[in-house]
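Enquirer: Would you mind keeping the following structure in view while I ask a few things?
The values are calculated or read from the model by the stated rules, or taken from the named source; none is laboratory data. It should be emphasised that the depicted structure is a prediction, and the values quoted were computed from it without experimental measurement. Every residue, glycine among them, receives a Cβ derived from its backbone with ideal geometry; neighbour counts consider all protein chains shown. Protein only, heavy atoms only, side chains kept; ligands, DNA and RNA dropped before computing areas. Shrake-Rupley method; radii C 1.70, N 1.55, O 1.52, S 1.80 Å.
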Amino acid sequence: MQRLQLTDAEQAEINTLVDRFIAAGHDWDPLTAAEAATATAQRLPLRLREFLTGARTAESGITVVSGVPLDPRLADTPIGWEAAAKSAAGRREEIALLLCGAAMGDPFGWESQQEGRLVHDVSPSRGMETSLTSASSEKTLSLHTEDVFHPCRADYVALLCLRNPDGVATTVAGVDALRLSPERRDALTEPRFHFFPDDSHTGPITGHTSGDDREAEADRVLFGPEQAPYLRFDVDFMEAADPGAGDAMRAADELLSSSPDRVVLNPGDLVFIDNYKVVHGRAPFTPRYDGADRWLKRLNLLRDVRRLYARSNTRTRLVPA
Ligand SMILES: O=C(O)CCC(=O)C(=O)O
Ligand SMILES: [Fe+2]
């Protein structure tokens, strides 16, 4: 893990950029907001930019920046993302995340997720306590690649912690946990798996008529450089195409989930999870629904947004539904 603690002076610089971004009145259209953020991100503290560029080049699996400034008058934690969207709670922190995120990658979102918002809210939601989405609480959120089903899935999932009163851990496990027999490893490197949209996606999604669509093309779990492979995995939203692949998938699941690392995010911590190198999840907790609940802002980043432009045949920052 790589970590950087921002100094008071650096926090002040970021606050000034956030103030200016707000004063400039950028509208919240995802394309213009993302492009404006990338321009402004060039003025972030040099030490932060160097740190993020270094983490990106080294392909650091987990990268944490601590001390991202939060509004001392932060709103109560909204109960679920819809409430957050309605009230614009944590808007200042959204901008801080957008600016720092834009120094690491190109921000983008999904038409099918949180109504096409560029920055998402992650907070416990009533009725979702045991769901397989980030709005859950009482049930362990199993280790997953974010948006495992899609070729435009994020290179980085960035999470900025606004509150975490009970120190609930984000769990992470890397491809190095997969100490498998050659047969099982081979199975994971062959296109013998189907991946599906998770329950946070609503409505029809490109190439998928529903979350239960079993027609998706078979693909690999492990891919890329042989010595440092990439990984895509989400046991809840994938299926093996044959018994041998099923055996390898279960073995991989056991190894990944047996002893994941625990990253406890404190307010002002911003973690960049390399979505090609590590899977992430969350320990269970008891929701409060009293305004003091755990609350994260989430941003998806591509290393190059042209992957999305080329696939959707349009300059958009939202993966089309
Ligand atoms: O709540 C967390 O720590 C992680 C949730 C998650 O998987 C996500 O927001 O993508
Ligand atoms: Fe996630």
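Enquirer: Sort through Ser112, Ser87 and tell me the only one that's open to solvent by less than 10 Å² (accessible area, probe 1.4 Å), hydroxyl-bearing (Ser, Thr, Tyr) and at pLDDT below 95. Reasoning before the result, please.
Expert: Working: Ser87 fails: open to solvent by less than 10 Å² (accessible area, probe 1.4 Å).
After ruling out the rest, the residue left standing is Ser112.
Enquirer: Return the residues of segment 159-174 that are aliphatic (A, V, I, L, M) and within 11 Å of ligand 2 (Cβ to nearest atom); say none if nothing qualifies. Working first, answer last.
Expert: The first filter runs over segment 159-174 and keeps only residues aliphatic (A, V, I, L, M), leaving 159-160, 162, 168-169, 172-173.
The answer is Leu159, Val172.
Enquirer: Give segment 150-200 a look and list any residue that's surrounded by 19 or more Cβ atoms within 10 Å (Cβ to Cβ), touching an Asp or Glu at 6+ places or on another chain (Cβ under 8 Å) and in a loop (DSSP other than H, G, I, E, B), or say none.
Expert: Once the filter is applied, which keeps residues that are surrounded by 19 or more Cβ atoms within 10 Å (Cβ to Cβ), touching an Asp or Glu at 6+ places or on another chain (Cβ under 8 Å) and in a loop (DSSP other than H, G, I, E, B), segment 150-200 yields Arg153, Ala154, Asp155, Arg192, Phe196, Pro197, Asp198.
Enquirer: Of everything in segment 270-290, what is part of a loop (DSSP other than H, G, I, E, B) and open to solvent by 10 Å² or more (accessible area, probe 1.4 Å)? Give them in sequence order.
Expert: We begin by selecting, within segment 270-290, every residue part of a loop (DSSP other than H, G, I, E, B); these are 275-277, 283-290.
Of everything in segment 270-290, those that are part of a loop (DSSP other than H, G, I, E, B) and open to solvent by 10 Å² or more (accessible area, probe 1.4 Å) turn out to be Tyr276, Lys277, Ala283, Pro284, Phe285, Thr286, Pro287, Arg288, Tyr289, Asp290.
Enquirer: Follow-up. Quick check on my filter: what residues within segment 115-149 are in a loop (DSSP other than H, G, I, E, B), among the aliphatic types (A, V, I, L, M), open to solvent by less than 20 Å² (accessible area, probe 1.4 Å) and within 14 Å of ligand 2 (Cβ to nearest atom)? Lay out the reasoning, then the answer.
Expert: Within segment 115-149, the first condition is being in a loop (DSSP other than H, G, I, E, B), and the residues that meet it are 117-118, 123-140, 145-149.
Next, from what is left, pick out any that are among the aliphatic types (A, V, I, L, M): 118, 128, 132, 135, 148.
Narrowing further to those that are open to solvent by less than 20 Å² (accessible area, probe 1.4 Å): 118, 135, 148.
Ala135, Val148, listed by residue number.
Enquirer: Which of the following residues is in contact (Cβ under 8 Å) with a residue 12 or more places away in the chain, closer than 27 Å to Gly224 by Cβ and within 13 Å of ligand 2 (Cβ to nearest atom): Leu299, Leu270?
Expert: Working: Leu270 fails: within 13 Å of ligand 2 (Cβ to nearest atom).
The unique qualifying residue is Leu299.
Enquirer: Can you say whether Leu70 is in a loop (DSSP other than H, G, I, E, B) and open to solvent by 10 Å² or more (accessible area, probe 1.4 Å), as far as the supplied structure shows? Break it down into steps so the answer makes sense when it comes.
Expert: Numbers: in a loop (DSSP other than H, G, I, E, B): yes; open to solvent by 10 Å² or more (accessible area, probe 1.4 Å): yes.
It is true that Leu70 is in a loop (DSSP other than H, G, I, E, B) and open to solvent by 10 Å² or more (accessible area, probe 1.4 Å).
Enquirer: Just checking, which of Asp304, Asp293 is crowded, with 17+ Cβ neighbours inside 10 Å and either basic (Lys, Arg) or part of a loop (DSSP other than H, G, I, E, B) (or both)? So that I can check it myself, show each step before the final result.
Expert: Values: Asp304 fails: crowded, with 17+ Cβ neighbours inside 10 Å.
Just a single option satisfies the conditions, and that option is Asp293.
Enquirer: Condition first: of a type in the set (Val, Ile, Thr) and either within 13 Å of ligand 1 (Cβ to nearest atom) or in contact (Cβ under 8 Å) with a residue 12 or more places away in the chain (or both). Now tell me which residues in segment 106-155 satisfy that.
Expert: Taking segment 106-155 and keeping what is of a type in the set (Val, Ile, Thr), we get 119, 122, 130, 133, 140, 145, 148.
Val119, Val122, Thr133, Thr140, Thr145, Val148, listed by residue number.
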